[in-house]
Structures are given as structure tokens and as C-alpha cells.
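The values are calculated or read from the model by the stated rules, or taken from the named source; none is laboratory data. The structure presented is a predicted model; accordingly, all values stated were derived computationally and were not measured. As a convention, Cβ positions derive from the backbone with ideal geometry for all residues, glycine included, and neighbour counts pool all protein chains shown.
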Amino acid sequence: MVRLMREGVSNEQYVARDTAPLVVSSAGFLLPCIYTVPRHQHFYTAMLVLTSGISANYWRKATYDWRRTADLWFSKFSFVVFFTKGLCQVHVFPRKDLTRFEVVAFYLYLIMMITCYAWSEAAYHRGSHRWIHYHFLFHVSIMLELTAILAPLKESPVGWRW
């Protein structure tokens, strides 16, 4: 935030207005909890709740302030956690019970995420209001990717539920 002040950007200046769709799509990060809660995967449930809450909190009033910084940092941390989980599940310690569909879905949604994020960034830098639509699709692709990663989870062993 100090850097923003030096650059002459007020913390009350909006990154964007009319971001209600992004608040809703941020809440969509909670949907994969239908897989984590009944299987006692508390760590992943907590990550989903925090990611959704921090993102929705930022997008409800998208200004250059601490909420934006928190969203940027936590979203990157969350991406590393879930991407690592998915990659390990598919390649490092491949699960024998994963179907080809689940493996293809992992990569398909990953490509969709990268594409939608790139479109969102490009539209934002061109000054096009369409970047919000692309960012909404980015959030939807994240939800799909999280579902592809978390749906095949097994229940945590009794005694070790983190």
C-alpha cells in the first residue's frame, strides 16, 4: 500500500465498480466443500472457506487497500496448495482409481483457468469492461478445477484429519 501511495493511487480509488458477479463467483469456491466436509478433509475445507471469504470480501468493494493485498497473496497461496495437491494426485503419486476423465478434467480446467485469466488481464489493460466477464469465467474455471482435484479425495484416516 505504501508503494501505491507513492505512485499517487489513493486506497479509496476503485479498481473496478459493478463487481457483484465476482462476489458471487468467489462464493462458488465453497461448492467443492461438498467433497471435503463429509470426508473430514478439514485442511482443504478451511482453505476453501478462507479463499472464498477473502476473495468475496475484496470484490464487494474493489479498492486499492489491504483487502486487495490479502486477496492477491492468499489466492496465490491457495493456488499453490491446490495445484500441488492435484499434480501429486495425477503424476507424483498417481492414484490407481483415477479415471482418464478425471485426469483429462484436471488439465482441461487448468488450461481454461490460464486462458480466462490471460483474457481478463488483457481486457483490463485495454480498458475494456469485459475483463469482469472473463474474470468471472476465471472464477468458474477455478471452481471446476477445485472440484476435479477434490472429488476423488478419500476420507482422512481416523486420528489424522488435517
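If we scan region 112-123, do we find a residue that is in contact with an Asp or Glu (Cβ under 9 Å, 6 or more places away or on another chain) and surrounded by 14 or more Cβ atoms within 10 Å (Cβ to Cβ)? Yes, region 112-123 contains a residue that is in contact with an Asp or Glu (Cβ under 9 Å, 6 or more places away or on another chain) and surrounded by 14 or more Cβ atoms within 10 Å (Cβ to Cβ). In this structure, residue 87 qualifies as without any contact (Cβ under 8 Å) to a residue 24 or more places away in the chain and either assigned to a loop (DSSP other than H, G, I, E, B) or surrounded by 14 or more Cβ atoms within 10 Å (Cβ to Cβ) (or both).
For region 21-54, name all the residues that are surrounded by 21 or more Cβ atoms within 10 Å (Cβ to Cβ) and either in contact with a Pro (Cβ under 9 Å, 6 or more places away or on another chain) or touching a residue at least 60 places away in the same chain (Cβ under 8 Å) (or both). Listed by number, the residues that qualify are 22, 25, 26, 29, 32, 36, 41, 44, 48.
Can you spot a residue in region 111-128 that is out of contact with any helix residue (DSSP H, G or I) (no Cβ under 8 Å at 6 or more places or on another chain) and charged (D, E, K, R)? There is at least one residue in region 111-128 that is out of contact with any helix residue (DSSP H, G or I) (no Cβ under 8 Å at 6 or more places or on another chain) and charged (D, E, K, R).
Selection of first residues in region 113-135 that are in contact (Cβ under 8 Å) with a residue 12 or more places away in the chain and within 14 Å of residue 59 (Cβ to Cβ) and of second residues that are buried (at least 17 other Cβ atoms within 10 Å of the Cβ) and of a type in the set (Val, Ile, Thr), restricted to Cβ pairs under 9 Å at least 6 apart or on distinct chains, gives the following pairs, ordered by first then second residue: 120/132; 132/19; 135/19.
Is it true that some residue in region 109-124 is in contact with a Lys or Arg (Cβ under 7 Å, 6 or more places away or on another chain), assigned to a helix (DSSP H, G or I), farther than 22 Å from residue 49 by Cα and modelled with pLDDT of 95 or more?
Yes - at least one qualifying residue is present in region 109-124.
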